[in-house]
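The values are calculated or read from the model by the stated rules, or taken from the named source; none is laboratory data. Only a predicted model underlies this, so the values are computations on that prediction, with no experimental measurement involved. Glycine also receives a Cβ, built like all others from the backbone with ideal geometry; neighbour counts cover every protein chain displayed.
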Amino acid sequence: MKRLENAIISKKARIGVIGMGYVGLPLALGFVRKGFEVYGIDNDVDRIRQLLEKKSYITDLTDADIVRAIGSKRFFPFVDSSLLKKCAAIIICVPTPIKKRYTPDISFMLSAVRAVAKNLSRGTLVVLESTTYPGTTEELIKPELEKSGLKAGKDFFLAFSPERVDPGNSAHTVTQIPKVVGGLTPSCCRLTKLLYGQIIKHIHVVSSPSAAEMTKLLENTFRIVNIGWVNEAAMMCHKFGIDIWEVIDAAKTKPFGFMPFYPGLGVGGHCIPEDPIYLYWKAKQRGHTSRFIKLSADINSSMPEYALRRLEERLHAQGKKIAGAKVLVFGVTYKKDVKDLRKSPSLRLIELLQHKKAVVSFSDPFVPHLNINGLKMEGVSLDVRTLAAQDCVIIAVDHSRADYKMILSKASLVFDVKNVFKGVTSDRLFKL
Ligand code: SAJ
């Protein structure tokens, strides 16, 4: 343990980060910037190629960031996981998606941890960052790593530390976000705290890997439940003829005990739609069915259908049918100012519109083209002619880079799902 401690303090400890995605890559570069040598391991050859060509594929990192990292001669992107044997600390940042029927897909975690087990040397620290159900580190990761013949807590060190990256949020970068750490043993914890402490000021230690796993799920379930609630509140307010956005702004004046969430087409991205299902699944295994998680997931995933109903109502009021109506969806990414499409509810809305035989097009400054169920769609530009030809323009994502004034002045009807026209009233405008 002392050897690893000294290697971390002297920055001689070579760090292996598995998973060069929106979590692993910024973390790897954080250590590189602080003087550590980092092997960035990913089985996606295209990602490694782009990194070697000094190109960024992550919203929050520029090509210049990659140029600097590679130029420092301390960052080495590899596909070959056997190089992990040369690392004193290994951090696993791979996806934890969901399979059908609310069950976790731990295949990425398993293949990563098996690669580590094959290349694990005595005295190495292994940290799992992937968001997963409470108990994963002790019940799954530990036995897999001990297949190496080494004993966790004695021959190697093991901890869980949840990632908290918020893509598109430049105010909070990986080195500024407090880090929760839960070690298998006190020495595992001390080493993990020492390692992350090299790049992050505030480290918060909890009593076990499970407590750290649960911390992350409490955070993300808090979000999915509150987003579900505000979406339901939006549906109620429409029935009452009340502007939900005005009500949220009013509730925000409460200086304590309230945190604003905003209605929309539902919950997209790689985390919020899926992480809570890991908790739901584990709790169910232990005999507890979380109605909160199921209900909020159901409400959030019902929002595209709800938005379609609202559009149909509005078109009918103009004597129009949805079939044949020209509808342009502005914003197809899963949230504003990111280029990520994963589980974007806008894509579900486009599917529903196509199913209803509407003539659908899309525009998004971050997305040149889409593939919806095998159908290629090219993004359209928001020129006057295109806007004037629409029966409705739906503002599905409130990207910062858009000429909303022009949209409202040229389109005959605008469905403002994200309140970009705050405080504006017009008979050509309606909101969620
Ligand atoms: N959303 C709403 N209304 C809201 C907030 C979000 O409809 O009031 C939607 C967004 O449009 C998006 C989805 O929910 O489709 C998820 O939004 P998010 O803001 O939670 O964004 P993520 O998933 O990119 O990042 C989140 C982190 N975000 C914040 O804390 C603000 C955080 O929850 C996690 O650190 C991160 O996921 C993760 O990796 O777990």
Could you pull out the residue among Ser72, Ser10, Ser56 that is touching an Asp or Glu at 6+ places or on another chain (Cβ under 8 Å), over 21 Å from Val116 (Cβ atoms), in the same structural domain as Ala171 (by TED's automatic domain parsing) and of a type in the set (Gly, Ala, Ser)? Ser56
Give segment 203-221 a look and list any residue that's near the ligand (Cβ under 10 Å from one of its atoms) and either free of Cβ contacts under 8 Å to residues at least 60 places away in the same chain or surrounded by fewer than 20 Cβ atoms within 10 Å (Cβ to Cβ) (or both), or say none. Glu219
Kindly establish whether Lys284 is away from the ligand (no atom under 15 Å from the Cβ) and touching a helix residue (DSSP H, G or I) at 6+ places or on another chain (Cβ under 7 Å). no
Any residue that is free of Cβ contacts under 8 Å to residues at least 60 places away in the same chain, in the same structural domain as Ser107 (by TED's automatic domain parsing), away from the ligand (no atom under 16 Å from the Cβ) and surrounded by fewer than 17 Cβ atoms within 10 Å (Cβ to Cβ) - is there at least one of those in segment 180-187? yes
With respect to Phe256, determine if the residue is of a type in the set (Phe, Trp, Tyr), part of a loop (DSSP other than H, G, I, E, B) and under 30 Å from Tyr280 (Cα atoms). yes
Spot the failing condition for Ile58; the list is (1) within 21 Å of Ser121 (Cβ to Cβ); (2) assigned to a loop (DSSP other than H, G, I, E, B), and only one is missed. (1)
Within segment 126-136, identify whether any single residue is surrounded by fewer than 16 Cβ atoms within 10 Å (Cβ to Cβ) and either modelled with pLDDT of 95 or more or not assigned by TED's automatic domain parsing to the domain that holds Gly30 (or both), and answer yes or no. no
Might you let me know whether segment 246-258 holds any residue that is modelled with pLDDT of 95 or more, crowded, with 18+ Cβ neighbours inside 10 Å and more than 12 Å from the ligand (Cβ to nearest atom)? no
Leading residue by the ranking (farthest from the ligand (Cβ to nearest atom)) among those in segment 338-379 that are of a type in the set (Val, Ile, Thr), under 25 Å from Glu312 (Cβ atoms) and crowded, with 17+ Cβ neighbours inside 10 Å: Val360
For segment 222-237, pairs from a residue that is farther than 22 Å from Phe430 by Cβ and of a type in the set (Gly, Ala, Ser) to a residue that is assigned to a helix (DSSP H, G or I) and away from the ligand (no atom under 12 Å from the Cβ), with Cβ under 7 Å and 6 or more apart or across chains, are Gly228/Leu295
Do we have Pro162 as of a type outside the set (Val, Ile, Thr), within 16 Å of the ligand (Cβ to nearest atom), touching a strand residue (DSSP E or B) at 6+ places or on another chain (Cβ under 8 Å) and in a loop (DSSP other than H, G, I, E, B) here? yes
Filter result (at pLDDT 95 or above and polar (S, T, N, Q)) within segment 357-391: Ser361, Ser363, Thr386, Gln390
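Yes/no matrix, rows are residues, columns are (1) touching a strand residue (DSSP E or B) at 6+ places or on another chain (Cβ under 8 Å); (2) not assigned by TED's automatic domain parsing to the domain that holds Ala325; (3) not in a loop (DSSP other than H, G, I, E, B):
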site	(1), (2), (3)
Val360	yes, no, yes
Lys376	yes, no, yes
Ser381	yes, no, no
Ile394	yes, no, yes
Asp398	no, no, no
Val420	yes, no, no
Asp427	no, no, no
Those residues that are buried (at least 23 other Cβ atoms within 10 Å of the Cβ) and closer than 14 Å to Leu349 by Cα, I need them from segment 282-303; list them, please. Asn300, Met303
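Determine whether segment 189-199 contains at least one residue that is of a type in the set (A, V, I, L, M, F, W, C), within 20 Å of Tyr133 (Cα to Cα), assigned by TED's automatic domain parsing to the domain that holds Ala152 and crowded, with 18+ Cβ neighbours inside 10 Å.
Scanning segment 189-199 turns up at least one residue that is of a type in the set (A, V, I, L, M, F, W, C), within 20 Å of Tyr133 (Cα to Cα), assigned by TED's automatic domain parsing to the domain that holds Ala152 and crowded, with 18+ Cβ neighbours inside 10 Å.
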Tell me, which residue of segment 126-141 that is in a loop (DSSP other than H, G, I, E, B) and away from the ligand (no atom under 15 Å from the Cβ) is nearest to the chain's Cα centre (by Cα)? Pro134
Is it true that some residue in segment 315-333 is touching a Gly at 6+ places or on another chain (Cβ under 9 Å), in the same structural domain as Tyr278 (by TED's automatic domain parsing) and either outside any loop (DSSP other than H, G, I, E, B) or closer than 22 Å to Thr59 by Cα (or both)? yes
Go through segment 345-380 and count every residue that is closer than 18 Å to Leu311 by Cβ, under 19 Å from the mean Cα position of the chain (by Cα) and of a type outside the set (D, E, K, R). 3
